[in-house]
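The values are calculated or read from the model by the stated rules, or taken from the named source; none is laboratory data. As the structure is a computational prediction, the values presented were derived from the model and not from experiment. In this analysis, Cβ positions are derived from the backbone assuming ideal geometry, glycine residues included, and neighbour counts consider all displayed protein chains.
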Amino acid sequence: EAEVAQSPRYKITEKSQAVAFWCDPISGHATLYWYRQILGQGPELLVQFQDESVVDDSQLPKDRFSAERLKGVDSTLKIQPAELGDSAMYLCASRRTGVTETQYFGPGTRLLVL
Amino acid sequence: AQKITQTQPGMFVQEKEAVTLDCTYDTSDQSYGLFWYKQPSSGEMIFLIYQGSYDEQNATEGRYSLNFQKARKSANLVISASQLGDSAMYFCAMREGATDSWGKLQFGAGTQVVVTP
């Protein structure tokens with residue numbers, strides 16, 4: 001069964017450093033989402049792509065976060081510089097637009113900023 | 001304003017018993033979708049069940065069923081015959097808008113379920 005791939009699974013970094021997360025969606029899924037999940041809370045959308053285009057980044061802290069999906073397939077989320085408050089789980093999800101309602105999630109990247 | 005409300009932060013349930021997880025939602029859209037996901041301690045969000053706002057019958061998927069009460073804006077998840085492997089965090093989520101909308105999900109705070117032998 002096809003899955004959403006994410007790496008790394010765990011990342012520990014010091015504040016002010018740069019970090020990057022990678023996501024490879026299920027093949028054929030045109031819509032890709034990055035969510036942030038703070039401990040004890042539900043996920044919140046950071047950014048959403050339709051193919052290579054950003055369709056919603058209203059909740060992305062653009063002063064330090066960036067996201068790209070250059071060829072409309074895999075995606076990278078970057079934080080520079082990382083802050084203590086960025087410690088969270090970063091989840092990637094994908095969905096086959098217009099065919100299915102369901103978003104499928106990857107295993108996530110747990111980030112700890114020291 | 002909170003779009004999805006899950007009022008039960010945690011629940012204990014005995015193995016083989018049924019458990020109901022509460023979810024209420026707030027939307028003015030006529031077309032929307034409701035989802036339940038399971039998140040074990042490993043962190044991955046696992047899709048369980050989906051209910052569309054125009055679906056007249058309650059959704060079922062194996063041991064999972066969704067008790068959809070549209071007028072009350074509730075979408076409770078029922079897990080029948082609980083198993084030890086059901087111990088996890090459960091999230092209710094909503095997509096507002098038409099089926100081919102961008103599909104952003106809004107999640108509740110979750111309910112922690114612990115199944116005991």
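Output the residues belonging to region B:84-117 that are more than 7 Å from every other protein chain (Cβ to nearest Cβ), assigned to a loop (DSSP other than H, G, I, E, B) and modelled with pLDDT of 90 or more.
B:SER87, B:PRO117
Just for region A:64-114: of the residues that are within 13 Å of another protein chain (Cβ to nearest Cβ) and among the hydroxyl-bearing types (Ser, Thr, Tyr), which one is nearest to the chain's Cα centre (by Cα)?
Only one residue fits best here, namely A:TYR90.
Which is free of Cβ contacts under 8 Å to residues at least 12 places away in the same chain and assigned to a loop (DSSP other than H, G, I, E, B), of B:GLU56, B:GLU17?
B:GLU56
Quick one: which residue in B:THR27, B:THR20, B:THR5 is surrounded by 12 or more Cβ atoms within 10 Å (Cβ to Cβ), modelled with pLDDT of 95 or more and within 25 Å of A:GLU44 (Cβ to Cβ)?
The conditions single out B:THR5.
Take the residues in region B:33-52 that are part of a loop (DSSP other than H, G, I, E, B) and without any contact (Cβ under 8 Å) to a residue 24 or more places away in the chain; name whichever of them is farthest from the chain's Cα centre (by Cα).
For region B:33-52, the residue satisfying everything is B:SER42.
Would you mind stating whether A:GLY28 is in contact (Cβ under 8 Å) with a residue 12 or more places away in the chain, touching a Lys or Arg at 6+ places or on another chain (Cβ under 9 Å), more than 17 Å from A:ALA88 (Cβ to Cβ) and surrounded by fewer than 17 Cβ atoms within 10 Å (Cβ to Cβ)?
yes
Can you work out which of the residues in region A:51-77 that are among the charged types (D, E, K, R) and surrounded by 14 or more Cβ atoms within 10 Å (Cβ to Cβ) is nearest to A:GLU14 (Cα to Cα)?
Across region A:51-77, the extreme among qualifying residues is A:ARG64.
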